[in-house]
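Beneath this line is the structure, given in structure tokens, with notes to follow.
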Amino acid sequence: MSAPGFRLVAHPVALAGATLTTVSAVLFLVSLGLELFGFHTSPYLGILTFLALPAAFVVGLLLIPFGAWLERQPQARRTVFLLGVLTIVNVTIVALAAARGVEYVDSTAFCGRVCHAPMQPESVAHRGGPHAKVSCASCHVGPGAGGFVAAKIGGVRRLVAVVRGNYARPIAAPVHDLPATSGTCENCHDPRAWVGDRLRRVPVFGDDESVSDQTEVLTILAGGGGWARGGPQGAHWHASPDHRVEYVAADARRDRIPWVRVVGRDGKTRDFAAGGADPAKVPAGERRVMDCVDCHNRVGHPIAISPARAVDEALASGRLPSLPFMRRDAIAALDAAAKASEGTSASARLIAGYAGRPGVAAGDPRLVRAAAGVDAIAAGNVFPAMKVGFGSYPNRMSHTDDQGCFRCHDEEHKSADGQVISQDCERCHKQ
């Protein structure tokens, strides 16, 4: 007589269930390992790994109690049946909770509100930026299981910092563990697409009484990254997948770039070094391959580089009215409010400055709109608790408010044969 404890798997149905569960579990772990190490190249393997094998595993688990139920007496069958039903309910609840939990922790609401204090500047900037409809996870979580695991490990580390209150103020940028843009930005933007020439208006207004419009108009030679038009060209040449630009950053902010390497389509390399250094010697520092975010570094979280830039944008969009000396006084009010840790708001400073001036009464609708406008600018760019304000984060998209392009295009980066990284303006834009 066999031991009672082994009768649960004596029935062929239970044995089949145990076999199916074991085999599917082993195959799932093997397939998951291949996914983590980047060996999965077909979308059908993803269906097998994350849909078919888990389904087979669950079916096997259901067959085991069903086989035991077929094996036993009616009363025992009822007990096993009840346990089976409860198991199905529990598994369903846990699965739904796990799925919803993963969805929630990847949501913008979780990132911006649960971690409210440290992430408030980034969250507010994100809501007001061009990628407001793009979730945080779309850019900050890489593709595949490896990207998911890496993001969750990083998230746990940051959560501990939030609980302990020892997170950086302001949050450091750039993010050095950001996933490669090939699995994030390029899901929407084709690096080989032809963009061509783009007309760009840079709003600039005068500090004079009439707030004169001095807007600058430039044609940006954005070009494209592929060979459909003869090869990568224009500004988008830098991130073309048909060649590779590498560089070494000597500091965490990537302000100082002492060394650059260009690897051509044919595999040939040319190295450039700044300050008379030997190009053949790779200096110490962070070494990375140039991609979208080396120029578009604040596209997800735009914070104005200065009160002047913020006011010019607001005047151009109509969020600030054209009152006498509007630009000068709005900048002064914002600058004073940003430098004061607490006290009078930007709007109060602005209203006080206009008090007694001819032609602008205290209740003038234009002044009311101007007061609301400067407060909105302050609310979107100044966060004293996180030590974030105008200029906290550089914007690499230009070279007027920041070194930007000139970190490399300075005529100082030279190769062994004397070539330099040019500062020729006409390579990227024309007036």
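Quick note: the coordinates plus some simple rules give every number you see, no bench work behind them. Note that the structure is a prediction, hence the values are computed from the model and not measured. Because the Cβ atoms are built from the backbone with ideal geometry, glycine has one as well, and the counts that use them run over all protein chains shown.
Each of Ala18, Cys139, Thr215 was placed along the dipole of the chain (beta-carbon charges, centred on the mean Cα), and the one lying farthest toward the positive end is Ala18.
Summarising the amide proton neighbourhood of Ser322: residues at separation of 5 or more, or on other chains, whose placed amide H is nearer than 5 Å comprise an empty set.
Along the axis of the charge dipole computed for segment 307-386 (Cβ charges of +1 for Lys and Arg, -1 for Asp and Glu, origin at the Cα centre), the listed residues Leu323, Ala371, Ile351 are led at the positive end by Leu323.
Summing Cβ point charges (Lys, Arg +1; Asp, Glu -1) relative to the Cα centre of the chain gives a dipole of roughly 1380 debye. Ranking Ala333, His238, Phe383 by Cα position along the charge dipole of the chain, where only Lys, Arg, Asp and Glu carry charges on their C-beta atoms, puts Phe383 farthest toward the positive end.
In percent, how large is the relative contact order of the chain, given Cα pairs closer than 8 Å and 6 or more residues apart?
Working: 630 pairs, mean separation 59.3, N = 431.
The value is 14 percent.
Work through the residues other than Leu221 whose Cβ is under 15 Å from its Cβ and net out their charges, Lys, Arg +1 and Asp, Glu -1. Mind showing how you got there, number by number?
Working: positive: Arg198, Arg200, Arg229, Arg427, Lys430; negative: Asp197, Asp424, Glu426.
Spelling it out: positives minus negatives among the neighbours equals +2.
Please compute the net charge surrounding Ala379, taking Lys and Arg as +1 and Asp and Glu as -1 over other residues with Cβ under 14 Å from its Cβ. Surrounding charge for Ala379 is +1. Note on percent of Cα pairs over 32 Å apart: of the candidates (1) 37; (2) 51; (3) 57, the value calculated from this structure sits at (3).
Can you pull out the GluC sites (Glu not before Pro) in segment 115-210 whose DSSP state is coil and whose Cβ has at most 12 other Cβ atoms within 10 Å?
Details: sites: Glu122, Glu186, Glu209; in loops: Glu209.
Qualifying residues, ordered by number: Glu209.
Per-residue packing, averaged as other Cβ atoms within 10 Å, sorts the ranges 25-34, 231-240 into the order 231-240, 25-34, beginning with the highest. Its Cα centre serving as origin, segment 378-431 has a Cβ charge dipole (Lys and Arg +1, Asp and Glu -1) of approximately 300 debye. Across segment 307-386, Cα pairs under 8 Å and at least six residues apart give a relative contact order of 34 percent.
Packing-based ranking of 377-384, 145-152 yields 377-384, 145-152, ordered from highest to lowest mean Cβ neighbour count within 10 Å. Sparsely packed loop sites in segment 268-302 (the trypsin sites (Lys or Arg not before Pro) outside DSSP H, G, I, E and B with at most 16 other Cβ atoms within 10 Å) comprise Lys268, Lys281. Remark: segment 313-319, residue by residue, has Karplus-estimated 3J(HN,Hα) of 5, 5, 5, 5, 8, x, 6 Hz, where x stands for each Gly or Pro and the curve is 6.51 cos²θ - 1.76 cosθ + 1.60 at θ = phi - 60°. Near Tyr393, once Lys and Arg are set to +1 and Asp and Glu to -1 for all other residues with Cβ below 14 Å from its Cβ, the sum equals +3.
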